[in-house]
Amino acid sequence: MTSFYTFLPDIFHACHLVQPSDRSEYEISDAVDLLIQSGRTIDAIGLDGWRIDVGYHEDRDQEKDDSKTRLALK
């Protein structure tokens, strides 16, 4: 599942309270959990359309090719 987050400034305080996970990383989901536990409201909005994780070179290269194909079809 792809996620896109938008937060109010109170997320920064929650991030300071988060401890590293078992993977030795700071998890944004842990900060969100802290906000929920403190009574904050969290909203989720579904988005239509395609998305791609461009965290890997091969995915970025594939997206470049796919984008060229989509543009050529217009």
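Quick notes on this structure:
- Annotation note: Cβ proximity below 9 Å between a residue of the stretch 55-74 that is without any contact (Cβ under 8 Å) to a residue 12 or more places away in the chain and a residue that is acidic (Asp, Glu) (sequence gap 6+ or interchain) occurs for ASP59/ASP53.
- The set of residues from the stretch 24-59 being part of a helix (DSSP H, G or I) and farther than 30 Å from ARG70 by Cβ comprises ILE28, SER29, ASP30, ALA31, VAL32, ASP33, LEU34, LEU35, ILE36, GLN37.
Table: residues versus (1) free of Cβ contacts under 8 Å to residues at least 12 places away in the same chain; (2) charged (D, E, K, R).
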position	(1), (2)
SER3	yes, no
HIS13	yes, no
GLN19	yes, no
GLY39	yes, no
ASP43	yes, yes
LEU47	no, no
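- Residue satisfying condition, being modelled with pLDDT of 85 or more and among the acidic types (Asp, Glu), within set ASP33, ASP53: ASP33
- Boolean, SER21 is assigned to a loop (DSSP other than H, G, I, E, B), polar (S, T, N, Q) and surrounded by 10 or more Cβ atoms within 10 Å (Cβ to Cβ): yes
- Scanning the stretch 30-74 for residues that are surrounded by 11 or more Cβ atoms within 10 Å (Cβ to Cβ) and either within 18 Å of the chain's Cα centre (by Cα) or under 17 Å from THR6 (Cβ atoms) (or both) turns up ASP30, ALA31, VAL32, ASP33, LEU34, LEU35, ILE36, ARG40, ILE52, VAL54, ASP59, ARG60.
- PHE7 satisfies every condition listed in (1) surrounded by 10 or more Cβ atoms within 10 Å (Cβ to Cβ); (2) outside any helix (DSSP H, G or I); (3) more than 18 Å from the chain's Cα centre (by Cα) except (3).
The values are calculated or read from the model by the stated rules, or taken from the named source; none is laboratory data. Note that the structure is a prediction, hence the values are computed from the model and not measured. Neighbour counts run over all protein chains shown; Cβ positions are idealised from the backbone, glycine included.
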